[in-house]
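J.: This structure is in structure tokens; I'll ask about it shortly.
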Amino acid sequence: MIEDIKKDARNRMSKSIEAFQAELSKIRTGRAHPSLLNHITVDFYGSEVPIGQSANITVEDARTLAVSPWDKSMVSVIEKAIMTSDLGLNPSTAGTVIRVPMPPLTEERRKELVKVVRELAENARIAVRNIRRDANSDLKTLLKDKDISEDEEHRGEDLVQQVTNQSTDEIEALLQIKEKELMEI
């Protein structure tokens, strides 16, 4: 029973970390990365689909993305979707390839993005702590129902705490990497 609670907590914490990583990938640094365009949707023959399902996105160089639509008639639609997105990018079309240059970030904007990243990290830590609280609550319920002893409950809490520490360390490592990436010129 204790192992099940620990396993459930570990799974939920890893999902929180994955969500944090997904949020980090949306934050634009000066460097080009295909995941920057993932949340943009295009009208692909009457239905809204993510840009990755209607085109191939590659990194041309450190500051340029190349978007190659699978259907050549979609070039203008995809270009418009990128232009109207919240990323502030100005794509240019060269035949059937859309080039998306990444403008360099100002120092002020970099610092703002670091604050945003730290806030996202804190939210991820809070999610992990909430999962720990739920797991400890489950252990207390088992103790109350006399399914486990007090020693087993303490051992279970220690195991849950170890998983929590690993998760928060992982979040911290991801945060440090992203901060370094953002402050890099």
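J.: Pick the calculated semi-axes √(5λ) of the Cα gyration tensor in Å for this structure from [x] 25, 19, 17; [y] 23, 20, 18; [z] 44, 20, 11?
T.: Correct label, based on the coordinates given: [z].
J.: Something else about it: In vacuum, with every alpha carbon of segment 34-101 counted as one equal point scatterer, what does the Debye formula give for log10 I(q)/I(0) at q = 0.15, 0.19 Å⁻¹? Two decimals, please.
T.: -0.38, -0.63
J.: Can you tell which of G46, L113, T93 lies farthest toward the positive end of the dipole of the chain, using +1 and -1 charges on the Cβ of basic and acidic side chains (Lys, Arg; Asp, Glu)?
T.: It is T93.
J.: Right, another one. Take the Cα pairs of segment 13-59, get the Kirkwood Rh, then feed it into Stokes-Einstein at 4 °C and 1.567 mPa s and tell me D in µm²/s.
T.: On the way: Rh = 12.1 Å.
Answer, rounded: 107 µm²/s.
J.: May I ask you to list the lysines whose Cα is less than 30 Å away from that of K7, ignoring any residue fewer than eight positions away on the same chain?
T.: List returned: K15, K26, K140, K144, K146, K178.
J.: List the extent of the Cα atoms of segment 115-170 along each of their three principal axes, largest first, rounded to whole Å.
T.: The Cα atoms of segment 115-170 stretch 46, 16, 8 Å along their principal axes.
J.: Sort T106, T141, T168 so the one with the fewest other Cβ atoms within 10 Å of its own Cβ comes first.
T.: Starting with the residue having the fewest Cβ neighbours, the order is T106, T141, T168.
J.: Tell me which trypsin sites (Lys or Arg not before Pro) from segment 1-59 have a DSSP coil assignment and no more than 12 other beta carbons within 10 Å of their own. Intermediate values should be presented prior to the final figure.
T.: Numbers: sites: K6, K7, R10, R12, K15, K26, R28, R31; in loops: R28, R31.
Here no trypsin sites (Lys or Arg not before Pro) fit, given the DSSP loop and packing criteria.
J.: Another question about this same structure. Have a look at S25, I2, T64 and report the one farthest towards the positive end of the charge dipole of segment 1-88, computed about the Cα centre with Cβ charges (Lys/Arg +1, Asp/Glu -1).
T.: I2
J.: Considering only C-alpha atoms, what is the centroid distance from segment 25-54 to segment 118-178, in Å?
T.: So the separation of the two Cα centres works out to 34 Å.
J.: Can you list the residues, at least 5 places off or on another chain, whose amide H is less than 5 Å from the amide H of F44, using H built in the peptide plane?
T.: Those qualifying (amide H under 5 Å, at least 5 residues apart or on another chain) are V49.
J.: For the chain, which DSSP H helices look membrane-span-like by this rule: Cα extent along the axis of 20 Å or more and mean Kyte-Doolittle of at least -1.0?
T.: On the way: long enough: 2-26 (37 Å, -0.96); 107-144 (55 Å, -0.83); 150-183 (49 Å, -1.11).
Once both thresholds are applied, what remains is 2-26, 107-144.
J.: Further, regarding this structure: Assign unit charges at the C-beta atoms only (+1 for Lys and Arg, -1 for Asp and Glu), then state the dipole size of the chain relative to its Cα centre in Debye, rounded to the nearest 20.
T.: 620 debye
J.: Helix-derived [θ] at 222 nm for the chain: sum -39500 (n - 2.57) over DSSP H runs of at least 4, divide by residue count, nearest 500?
T.: Details: 4 runs with 106 residues, N = 185.
Here the helix-only value at 222 nm equals -20500 deg cm²/dmol.
Read the figures in this text as sums done on the coordinates, not as results from a lab. From a predicted model like this one, the values you see are computed outputs, not experimental measurements. In this analysis, Cβ positions are derived from the backbone assuming ideal geometry, glycine residues included, and neighbour counts consider all displayed protein chains.
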